[in-house]
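Engineer: Handing you this structure, nothing more for now.
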Amino acid sequence: MAFGGGLPLYDDQGVVGGLGVSGDSSCADHNVAWRIRHGLGLDRVPAGVSPGNNDAIVYDMLPDKTSASGYGHAWCKGSEAQIAEQIQAGFVPPWAKAMK
């Protein structure tokens with residue numbers, strides 16, 4: 001994910017387009033885009049940086065504002081990270097949950 005709410009669309013052959021959602025926090029926008037893409041059946045991500053090998057948000061920011069994985073996203077103020085985990089649009093390492 002280059003920007004919250006922006007996701008590529010994948011079918012069995014590869015990328016077929018893109019989807020952009022904007023209007024809330026980048027975390028919430030990502031969750032909405034994730035659900036839309038899934039509903040369209042265009043979520044066949046071939047590989048990604050999250051543990052699920054997809055393009056889920058990785059919430060692994062360290063206290064010094066760096067990312068443990070190098071692909072981390074900053075925490076948003078609401079419950080977006082928990083929602084992302086529920087819909088499999090995000091990953092929060094166990095150690096990061098304790099830091100939030």
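Engineer: In the range 1-32, which residue that is touching a residue at least 40 places away in the same chain (Cβ under 8 Å) and part of a strand (DSSP E or B) is least open to solvent (accessible area, probe 1.4 Å)?
Structural biologist: My answer is L7.
Engineer: Conditions first: (1) surrounded by fewer than 14 Cβ atoms within 10 Å (Cβ to Cβ); (2) in a helix (DSSP H, G or I); (3) among the charged types (D, E, K, R). D64 passes all but one, so which condition is the exception?
Structural biologist: That leaves (2) as the condition not met.
Engineer: Among V32, V15, V45, which is within 25 Å of K77 (Cβ to Cβ), out of contact with any helix residue (DSSP H, G or I) (no Cβ under 8 Å at 6 or more places or on another chain) and of a type in the set (V, I, T)?
Structural biologist: V32
Engineer: Does the range 52-61 hold any residues that are under 14 Å from I87 (Cα atoms) and in a loop (DSSP other than H, G, I, E, B), and which are they?
Structural biologist: Residues satisfying the conditions are G52, N54, D55, A56.
Engineer: Return the total of residues in the range 38-51 being open to solvent by less than 60 Å² (accessible area, probe 1.4 Å), over 18 Å from W95 (Cβ atoms) and assigned to a loop (DSSP other than H, G, I, E, B).
Structural biologist: 4
Engineer: Does R35 meet the test of being touching a strand residue (DSSP E or B) at 6+ places or on another chain (Cβ under 6 Å), open to solvent by 60 Å² or more (accessible area, probe 1.4 Å) and within 14 Å of L7 (Cα to Cα)?
Structural biologist: Answer is no for this residue.
Engineer: Another question about this same structure. With the requirement that a residue be open to solvent by 40 Å² or more (accessible area, probe 1.4 Å) and of a type outside the set (S, T, Y), what does the range 71-86 give you?
Structural biologist: Passing the criteria: A74, W75, K77, Q82, I83, E85, Q86.
Engineer: Would you mind telling me which numbered condition in (1) among the β-branched types (V, I, T); (2) at pLDDT below 90; (3) not in a loop (DSSP other than H, G, I, E, B) I83 fails?
Structural biologist: In the conditions (1) among the β-branched types (V, I, T); (2) at pLDDT below 90; (3) not in a loop (DSSP other than H, G, I, E, B), I83 misses (2) alone.
Engineer: Please go through the range 87-100 and pick out each residue that is open to solvent by 80 Å² or more (accessible area, probe 1.4 Å), more than 17 Å from S26 (Cα to Cα) and in a loop (DSSP other than H, G, I, E, B).
Structural biologist: Result: K100, single match.
The values are calculated or read from the model by the stated rules, or taken from the named source; none is laboratory data. Nothing here was measured: the structure is a model prediction, and the numbers come from that model. Cβ: placed from backbone, ideal geometry, glycine included. Neighbour counts: every protein chain shown. Surface areas here come from the heavy atoms of the whole protein model, side chains and all, with no ligands, DNA or RNA. Shrake-Rupley method; radii C 1.70, N 1.55, O 1.52, S 1.80 Å.
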